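The next block holds one structure in the form of structure tokens; read it before the comments.
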Amino acid sequence: MPLVNPLRSLILAAAGNDALRRLVATTPISRDVVRRFVAGETTADAVAVARDLVASGLTVTLDHLGEDTTDKALAESAVQAYLDVLERLREEGLASRVEVSVKLSALGQVFDERLSLDNAARICAAAEQAGTTVTLDMEDHTTTDSTLRVLAELRRTWPGTGAVLQSYLRRTRRDAQALAGPGSRVRLCKGAYAEPESVAFPTMHEVDRSYVQCANDLLAGEGYPMFATHDPRLIEILTEQARLHERAPGSYEFQMLHGVRTEEQLRLSSAGEAVRVYLPYGQEWYGYLMRRLAERPANTALFLRALTSRR
Ligand SMILES: Cc1cc2nc3c(=O)[nH]c(=O)nc-3n(C[C@H](O)[C@H](O)[C@H](O)COP(=O)(O)OP(=O)(O)OC[C@H]3O[C@@H](n4cnc5c(N)ncnc54)[C@H](O)[C@@H]3O)c2cc1C
């Protein structure tokens, strides 16, 4: 069962509070808490943290924060941010270890799927030139078909474009089987959005069971599975399943969020597993931070201590 966090609704309410956002941004100690989960606001911040992670043996996927863009100009500035960071990754020789994750809703999907495809194609072309790949994050279930359509289009030119599947969706077993072909990079996660029971499993037990079944389908296939989870029980099962499928480490990978179970990331990596860190950056960090804090009581306590400490 998920842990119940009594401060969750308070923290989520704070996500909409501008005064608190300013306080968090300017208090030195809380800035450290922000830095635990988010690389910073600029391309230079993102590249600097990615470089450190790579130096410690990890790989990285960079996420320029922002979603649900309803404006063409904002979608364009998200594209520019990705082009900028890809160029920097190329210059710094980091592109073989650092890729990018993209939310189509930040590229205009909400109001124009074609625009989001064209924008994503520009990012894929820049990633190819830099020597790296793009993964399309998956958002709420109303966007799943659209995102998989865009993915299929992008893969005609850039077959290495990564997909994300969410095990909480009832449809995902079929999607996993369809996407388990040669060279197909698929990130499997539990899913992060509040979804209705008509489309999603209502219990953690069913979500976990679906995760294991989909993982099995991906490992039995010819693609490159990317297991995004912090769940120790799942990680143990996945490691065992990979062995049973005679998958060598490096023919699949684990993924975790920056700042979450950092020691476990390093432990898996030193045990020979490929581990990728999802590293968000950009000016839209506040909502992301609040969601991370709301997930775990320990994170909330850390945050409140930081805010109330003297400078
Ligand atoms: C790399 C990455 C990419 C993702 N991309 C997407 C995406 O594109 N779309 C999407 O919908 N969702 C995405 N997610 C989020 C994902 O769907 C889950 O919401 C999130 O990862 C929490 O699920 P979990 O598997 O970690 O396990 P949970 O069910 O949240 O937790 C299970 C167990 O894991 C351990 N654990 C979890 N969190 C922590 C923590 N903070 N500290 C210590 N232990 C912890 C605990 O033992 C806990 O009991 C992504 C997650 C990751 C890691």
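No lab work stands behind these numbers, since they all come straight from the coordinates. Just so we're clear, the structure is a prediction, and the values are computed from it rather than from any experiment. So basically every Cβ, Gly included, is an ideal-geometry build from the backbone, and we count neighbours across all protein chains shown.
GNM, the chain, Cα, under 10 Å: largest mean-square fluctuation among Q283, Q265, Q177?
Looking only at Q283, Q265, Q177, the biggest GNM fluctuation is shown by Q283.
Give the order of T300, T42, T69, T157 when sorted by the count of other beta carbons within 10 angstrom, beginning with the fewest.
Final ranking by Cβ density, sparse to dense: T157, T42, T300, T69.
What is the mean projected area of the alpha carbon convex hull for region 190-247, to one decimal in square nanometres?
Reported value for the Cα convex hull: 4.3 nm².
Which of Q166, Q109, Q213 moves the most in a Gaussian network model of the chain with Cα springs under 10 Å?
Result for the chain, Cα springs under 10 Å: Q213 fluctuates most.
Over region 122-233, what is the relative contact order in percent, taking alpha-carbon pairs closer than 8 angstrom and at least six residues apart?
26 percent
Residue by residue through region 47-62, what is 3J(HN,Hα) from phi via Karplus (6.51 cos²θ - 1.76 cosθ + 1.60, θ = phi - 60°)? Round to whole Hz and write x for glycine and proline.
5, 5, 5, 4, 4, 5, 5, 4, 4, 8, x, 9, 10, 9, 10, 8
How do K72, K190 line up, fewest other C-beta atoms within 10 Å first?
K72, K190
Of H245, H141, how do they rank once you tally other Cβ atoms within 10 Å and put the fewest first?
Listing H245, H141 from fewest to most nearby Cβ atoms yields H245, H141.
What are the ³J(HN,Hα) couplings of region 216-221, residue after residue, when phi is run through the Karplus curve with 6.51, -1.76, 1.60 and θ = phi - 60°? Round to Hz, x for glycine and proline.
Coupling constants for region 216-221: 4, 4, 5, 5, 6, x Hz.
Taking only the alpha carbons of region 116-167, what extent do you get along each of the three principal axes, in Å, biggest first?
Projected onto the principal axes, the Cα atoms of region 116-167 cover 32, 21, 15 Å.
Which residue, S198, T161, Y252, has the largest displacement toward the positive end of the dipole of region 39-281 when charges sit on each Cβ (Lys, Arg +1; Asp, Glu -1)?
Y252
About its Cα centre, how strong a charge dipole does the chain have in debye, to the nearest 20, once Lys and Arg get +1 and Asp and Glu get -1 at the Cβ?
760 debye
Can I get the semi-axes of region 57-108's equivalent ellipsoid? Compute them from the C-alpha gyration tensor as square roots of 5 times the eigenvalues, in angstrom, largest first.
24, 12, 6
Between region 168-209 and region 62-77, what is the C-alpha centre distance in whole Å?
One Cα centre to the other: 25 Å.
Considering the options Y281, T69, A121, tell which one lies farthest towards the positive end of the dipole of the chain, charges being +1 on Lys and Arg and -1 on Asp and Glu at the Cβ, about the Cα centre.
Value computed over the given set: Y281.
Compute the relative contact order of the chain as a whole-number percentage, counting only Cα pairs closer than 8 Å that sit 6 or more residues apart in sequence.
RCO, the chain: 25 percent.
Can you give me the convex hull volume of the Cα atoms of region 39-281, divided per residue and expressed in Å³?
Convex hull volume per residue, Cα atoms: 113 Å³.
Given the Cα-Cα distance of R243 and H205 and 0.36 nm per residue of separation, how much length would full extension add, in nm?
11.3 nm
Starting from the amide H of Y278, placed 1.01 Å from N in the peptide plane, find each other amide H under 5 Å away whose residue is 5 or more places distant or on another chain.
The list, which skips near neighbours in sequence, is T61, M256, L257, H258.
In Å³ and rounded to a whole number, note down the convex hull volume per residue for the Cα atoms of region 16-163.
About 121 Å³ per residue, rounded to a whole number.
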